[in-house]
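Below: one structure, written as structure tokens.
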Amino acid sequence: MSKETNFKRHGSRYKARRRAVDILFEAEFRDIDPVDIVAERVSLSKDAENQVKPVPEYTRQIVEGVAVHLDALDESIASHLSSEWRLDRLPAVDRAVLRVSAWEVMFNDDVPGKVAMKEGVELASEYSHDKAPGYVNVVLDGVGRDADIRLADAAAAQRESQEAAGSGDPSDVELESLIGNVVGEESTSESAESSPEQPESASDQNDSTPNQPSSGEQQ
């Protein structure tokens, strides 16, 4: 039972997150771009003699995402730290964990926020000191609330925009519907006016059927 639980907890995505933490930590220690480290690892892993493990695709996605959105991530993380836990004074590994998990919460719709938070706390308990999981949980919870608020604001703004557009001139769909109704009424009216003539027209056709000789011709 414990093995099954451990397998679920440390599945492929968890391992990819852990690799991303390692790369981000190394990048900060070496003061280089973490994306360059990923490229380096990918190149080295192609030669079995280097004994470098291939970089999981999700690790690459995380590292690139953190690099692109670093300022937004750090701003969100810092806003939920207490005065005694300033971002620049945290252990580097804690910053790496928080950045990985905050990126998932804020920018990866494929991972539920609660899952990203849980995995972040697990990473903190694996990598850092005893107090880390507690404050990492609090920070990520705040980051998650901010992300929910942004989504709600965006949805509200979209609804207001749609309502404002609908309160003005008729939309293309409404115009097409009106035109269709008018055309349908005209077609119905024309059909009703021409229907009495149809029997007479049919009779005329019978009286002068092609290839039938007239009485004069028969004589």
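The values are calculated or read from the model by the stated rules, or taken from the named source; none is laboratory data. Since we're looking at a predicted model, the values are computed, not measured. We place every Cβ from the backbone using ideal geometry, glycine too, and count neighbours over all the protein chains shown.
With respect to G120, determine if the residue is within 16 Å of A20 (Cβ to Cβ) and touching an Asp or Glu at 6+ places or on another chain (Cβ under 9 Å).
Yes, satisfied.
Mind listing whichever residues of the range 86-110 are farther than 20 Å from F29 by Cα and touching a residue at least 40 places away in the same chain (Cβ under 8 Å)?
Of all residues in the range 86-110, those farther than 20 Å from F29 by Cα come to 102-110.
Matches in the range 86-110: A102, W103, E104, V105, M106, F107, N108.
Applying the selection to the range 142-164, what residues are under 20 Å from W85 (Cα atoms) and either in contact (Cβ under 8 Å) with a residue 40 or more places away in the chain or loosely packed, with under 11 Cβ neighbours inside 10 Å (or both)?
If the condition is that a residue be under 20 Å from W85 (Cα atoms) and either in contact (Cβ under 8 Å) with a residue 40 or more places away in the chain or loosely packed, with under 11 Cβ neighbours inside 10 Å (or both), then G142, V143, D146 are the ones that fit.
Results for (1) of a type outside the set (A, V, I, L, M); (2) part of a helix (DSSP H, G or I); (3) within 28 Å of R150 (Cα to Cα), shown as yes or no for each residue.
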residue	(1), (2), (3)
Y14	yes, yes, yes
L24	no, yes, yes
E28	yes, yes, no
E49	yes, yes, no
R60	yes, yes, yes
D71	yes, yes, yes
E75	yes, yes, yes
A96	no, yes, yes
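Quick test for you: out of S167, S195, pick the one residue that is loosely packed, with under 10 Cβ neighbours inside 10 Å, modelled with pLDDT of 50 or more, over 30 Å from R19 (Cβ atoms) and hydroxyl-bearing (S, T, Y).
On inspection, the qualifying residue turns out to be S167.
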